[in-house]
Amino acid sequence: MNAKVVTNTANSKVGISIAVLAVMIAAALPYWGNPYWMYEFVNIACFFIFAMMWNLLAGYGGMVSVGQQAFFGIGGYTMLALGNLAGVNPFIAIPLAAILAAILAYPLSKLAFRLQGGYFAIGTWVISEVVRLTVANIEMVGGGAGTSLTAFRGVSRTFRQYTTYWIALGCVVATIALIYIFLRSKQGLALQAIRDSEVAAESQGVDVQKMKLAVYIVAAFGCGLAGALYFVSNLRISPDAAFSVNWTAFGIFIVMIGGIGRIEGPIIGTILFWAINHYFSDFGTWYLIGLGVLAILMTLFAKEGIAGLLHKHFGWDVLTTKRIFKAS
Amino acid sequence: MSSVVIETHKLNGFYGDAKVLFDIDFRLNEGEVVGVLGANGAGKSSFLKAISGLMKVEPGMITLRGEAIGGSEPGEIVRKGIAMVPEGRRLFPSMTVEENLKMGAFAGRKGRWDINSVYAQFPILKEKRNVPSTSLSGGQQQMVAIGRALMSNPDVLMCDEISLGLAPVVIKDIYDSLPNIVSEGMSVVIIEQDVMVAQRCSQRLYCLQEGRVSLEGASEALTRDQISQAYFGI
Amino acid sequence: MIETITQGILLGGLYCIFALGLSLMFGVMRLTNIALGDQIIISGFIAIGIASVLQLNIVLIGLALLPCAYVSGYLFQRAVLNPTLSRDPVPSLVVTFGLSIVIQNVLQELFSANPRSLDSGGLNTQSIDLGGGFVIGVLPLIIFATAIACTFGLQMLFSKTSTGRSFRAVSDDREIAELMGLSAKKVYATATGIAFCLIAIAGLFQSMRTTISPADGPSLLLFAFEAVIIGGMGSFWGTFAGALILGITQQIGFMFDPAWGIWFGHLVFIIILFIKPNGLFPKTKG
C-alpha cells in the first residue's frame, strides 16, 4: 500500500492565497482608510494576539490561565518605563517589553507550575494581582493613578499612527504565521500529543514539563507584545487598566466563540468580537452580561466553537495543522 | 435444567470508534460458575464492562432473567443483582477496610451477606477493619474487593482477573473460598488468563479471541489442545 | 501587636468559611468554582434585599437562606456544572469564570457600584471588654465560632456519615463508586448544595461585617484559594489553619501600611507555595 502524509488540503491553499491578498490590501489602509480605522485595528490586534496566546496555552498546552493580564501589563509598563524614563523610542521598546515579559515568565512559572488544573488558573490570577499591586505602589510610573506616555512628544501624529498601525499589522501576521509553523513542527505535534494524553506523550520521549514551560514563555512574550502595543496606541496607562482580568475574559470569550484548540478559532472569534464590541459596547454592563452568557452557552452546547462547527458541518479547515494520513 | 440468569444476544461493543466485542452469545445458569478465558486484549474485560453498565450497548443485547438490561446505568445493574470485582481491585484509597466494605452495601439489597458474614468468610479483614485499605497486602485487598461486591448481595458475582499479581498460594486460598460463596445459588463469572485455575473452578468455559467467542463447552470436557487453539489462535 | 493578631485570627475565621466552599467542591469533583467570590457577594445582596423588603430578624433571614442555597446549588450542579465535568478542565473553568462576570454585571445593573451592608441589628457594634482596654467585637466572635463549627461539621460529615463516604468514593474512583450503585451526578449535586450553604453563610457575614459592592467577588475568591493552598489540600482543619495564617498576615500588613496589607498576604501565600507546594498541613497518605 502506498501512503503519504498530506499537510495541505486544497482548501487551505486557497485560504492562504486569500490571506496574502488581504494583508496587502490592509497594509495600504493608511492611504485609503481613515485614521480611526487604524486606531481601532490596533486595539483589536491586541485582543487578537492575546487570544492567540490564550488559545496556545489552554487549547494546546492544557494550561488554563486567568492571569495572562500580568504579562500584558508588564509589557505595557516596561514599554512606558523605557520610553518615559530611559528615553528609548517607544516603537523599539515594544519588542524589548515583550522580551522582558518572557524573561519574567520563567521565575513565575516556577510558582504557577506547582498548581494544576483549576488551581493553576487561580494561582496565575494571584500572581497577576501581586504584580498589579506592586506596580500600583511604584510612584515612578504613576502609582495607582497611572500616567501617560510622554516619549512621543515632538513626534508627528501621522507618523505615530501610521507606524503603530504597521507594527500592529506586522505583529498580527507574524503571530498567525509563527504559531502556524510552530504547531506543524515536531515540537508542535509533541504539544498536541501532550494535550491528548500527558502520560502517553511522556512515554514517547516528550519532555512534558519543558514543552509546557516553552509554551508559557512564548505566551508571556505574546501577551507582553500585545500590552506594549496597546499602550503605544492609547498613550495612557494605569494598573487597573493594564492588569485588568477583563483582558483574559475577552481573550477567553474570543477563543471559546471562535473555537479552542484550532488556529483559525481566535481569528474567527476576533472578527466576531470586533463586531459585537463595535455595535454593543455602549451598553456597558448589559454588553458584558451578554458576552458572559454567550461564552457559557457556547461552552455548554458547542464546545468546539464556530471553527469546529464549520469543520463538522462543511469540512472547512482554513489553516489546518492536522496531518492527514491518506492511502493512495 | 436450571434457569438462565444472564444471557447475551449478539453482543457488540465499542470503545469510541473501535469495535471490541463481536456478536457474543453467552449464557449463565443459576448456581453455575462460568469461566471466561482469553489473552490480553481478547475482550474479556470489555465483556464484563458491557454487562456491568460501564460500556454502553443496545438494551436487548443483554438480558437478566429475560429482562433487557443492556446499556443501563451501573447503579441500576447493581440494584438488579449483578456485582463486579473489578480488575486491579480498585479499592477506595481514602477509606479503611470496613468503609470499603460498607460502600458495597450502597445498593441496598438485603440477604445473607452483611459486614459480619463477610468477616466470618475472611477473618483477617475483621482484624484489619480500621486499617487504611492501601496498607493491606495484595491478597487481603482482593478479599476486600470480593467482600465489597458480596455486600450488595448479588445474584451474579463477576470477578475480573482476581489472580492477577498475586502469589499462587494466595490465589488458591481465594479460589478455595468460592464454593462457600456460591453455595446458596449465586452464579459466578470468572475472568481469567490462567487456564488451569479457570478450568478447575468452573463448570463451563468460554474462550474469547479478538472480541469473538472462539470456544465454549463444559470445563471438564475441553482438552488442552482445544483451549490453547482457542486461546492463542494457533 | 496582640490586638492585631487577634483581629487577624478573627478575620481568618471569615476566610475559612470562604475557603471551605472552594475546597469542598474541588475535593469531591476536582472542580474549581471561579465564581465563588461573586456567589458570596450575591448572597449578601440577596440578604440585603430581603431585609429591606421584609424587615425580618437577621437570624431568620439566615435560616431562610440556607435551604434556598442548598436547592440552588443542587440544581446548578445538575443543570450547568455536571455537563462540563471531564478530564479537560477548560469547560468548567470557562463556565464558572463566565458566570463570575455575569454576576458582577447583573449586580452592578441592579444595585449600582455603591457599597452596601446588611443591618445586623447592632451586632457589628457590640463588643466584649476583656479588661485592660482589650476589646473583641461580638460579630467577629460569632463568625469565628461559626467557622470552627463549619470546619468541624464538614470533617465529621466526611469521616462519619454515609454521605461523606459517598463524597470520598466518587472523589477516589468515580467508575467504581458508580458500580457500587452511587450516582456520581447526584453526589456532586449534594456536595455543591452544601458548598452553596457555606457560600450563603459567608455572604451573610461578609455583608454584616463590612460593606459589599458588586466588584468585590474576585478578591474573596483569591483569599479563599490562598487559604486552601497555604493549609494544604484535602484537609479541612488545614484549610482552617491556612485561613488564620492569611488573616493574621493581612492584618500585620495593614498595620504597617494600609496600601500593602493585601499585597503582604499574597506574598506569604507565594512564599509558602514556593517552599511548601503541598501546603503547611498536607494530608498524609494512608
Hey, can you tell me all the residues within segment B:111-141 that are open to solvent by less than 20 Å² (accessible area, probe 1.4 Å), away from chain C (no Cβ under 13 Å) and touching a strand residue (DSSP E or B) at 6+ places or on another chain (Cβ under 8 Å)? none
Would you check which residues across segment C:188-220 are of a type in the set (A, V, I, L, M) and either under 11 Å from the mean Cα position of the chain (by Cα) or over 23 Å from C:SER112 (Cβ atoms) (or both) and list them? C:ALA189, C:ALA191, C:ILE194, C:ALA195, C:LEU198, C:ILE199, C:ALA200, C:ILE201, C:ALA202, C:LEU220
Looking at the structure I just gave you, is A:ALA105 more than 11 Å from every other protein chain (Cβ to nearest Cβ), open to solvent by less than 70 Å² (accessible area, probe 1.4 Å), closer than 25 Å to A:TYR230 by Cα and in contact with a Phe, Trp or Tyr (Cβ under 9 Å, 6 or more places away or on another chain)? yes
Out of all the residues in segment B:83-110, which are touching a residue at least 60 places away in the same chain (Cβ under 8 Å) and either open to solvent by less than 10 Å² (accessible area, probe 1.4 Å) or facing chain C (nearest Cβ under 8 Å) (or both)? B:ALA83, B:MET84, B:VAL85, B:PRO86
Here is a list of conditions, (1) touching a helix residue (DSSP H, G or I) at 6+ places or on another chain (Cβ under 6 Å); (2) open to solvent by 50 Å² or more (accessible area, probe 1.4 Å); (3) more than 10 Å from chain A (Cβ to nearest Cβ); (4) farther than 28 Å from B:MET103 by Cβ, and C:GLN155 meets all of them except one; can you say which number that is? (4)
Considering residues of segment A:53-87 that are hydroxyl-bearing (Ser, Thr, Tyr) and within 21 Å of A:THR270 (Cα to Cα) only, the residue nearest to the other protein chains (Cβ to nearest Cβ): A:SER65
Report whether or not A:ALA226 is open to solvent by less than 10 Å² (accessible area, probe 1.4 Å) and over 19 Å from A:PHE41 (Cα atoms). no
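Conditions tested, residue by residue: (1) more than 14 Å from chain B (Cβ to nearest Cβ); (2) within 30 Å of C:ILE48 (Cα to Cα).
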residue	(1), (2)
C:ALA177	no, no
C:MET180	no, no
C:LYS185	no, no
C:GLY193	yes, yes
C:SER213	yes, yes
C:LEU222	yes, yes
C:GLY253	yes, no
C:PRO277	yes, no
For segment B:181-203, give me each residue that is closer than 20 Å to B:ILE227 by Cβ and free of Cβ contacts under 8 Å to residues at least 40 places away in the same chain. B:ASP194, B:MET196, B:VAL197, B:ARG200
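Yes/no matrix, rows are residues, columns are (1) part of a helix (DSSP H, G or I); (2) among the small types (Gly, Ala, Ser); (3) away from chain C (no Cβ under 12 Å):
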{"site": "A:VAL232", "(1), (2), (3)": "yes, no, yes"}
{"site": "A:ASP240", "(1), (2), (3)": "yes, no, no"}
{"site": "A:TRP247", "(1), (2), (3)": "yes, no, yes"}
{"site": "A:PHE250", "(1), (2), (3)": "yes, no, no"}
{"site": "A:VAL255", "(1), (2), (3)": "yes, no, no"}
{"site": "A:ILE260", "(1), (2), (3)": "no, no, no"}
{"site": "A:ILE268", "(1), (2), (3)": "yes, no, yes"}
{"site": "A:PHE273", "(1), (2), (3)": "yes, no, yes"}
Output the residues belonging to segment B:185-234 that are of a type in the set (Asp, Glu), within 24 Å of B:GLU87 (Cα to Cα) and at pLDDT below 85. B:ASP194
Out of the residues in segment A:115-140 meeting the condition of being more than 7 Å from chain C (Cβ to nearest Cβ), under 23 Å from the mean Cα position of the chain (by Cα) and assigned to a helix (DSSP H, G or I), tell me which one is nearest to C:ARG30 (Cα to Cα). A:PHE120
Could you tell me whether segment C:67-84 includes any residue that is within 14 Å of another protein chain (Cβ to nearest Cβ), under 16 Å from C:TYR188 (Cβ atoms), out of contact with any Phe, Trp or Tyr (no Cβ under 6 Å at 6 or more places or on another chain) and among the β-branched types (Val, Ile, Thr)? yes
In segment A:139-180, how many residues are under 30 Å from A:ASN55 (Cα atoms) and among the polar types (S, T, N, Q)? 4
Could you pull out the residue among C:LEU99, C:LEU75, C:LEU66 that is surrounded by 21 or more Cβ atoms within 10 Å (Cβ to Cβ), within 22 Å of C:ASN33 (Cβ to Cβ) and under 22 Å from the mean Cα position of the chain (by Cα)? C:LEU99
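The values are calculated or read from the model by the stated rules, or taken from the named source; none is laboratory data. These figures come from a predicted structure and were not determined experimentally. FYI the Cβ positions are ideal-geometry reconstructions off the backbone, even for glycines, and counts take in every protein chain you see. These accessible areas exclude ligands, DNA and RNA; they are computed on the full protein's heavy atoms, side chains included. Shrake-Rupley method; radii C 1.70, N 1.55, O 1.52, S 1.80 Å.
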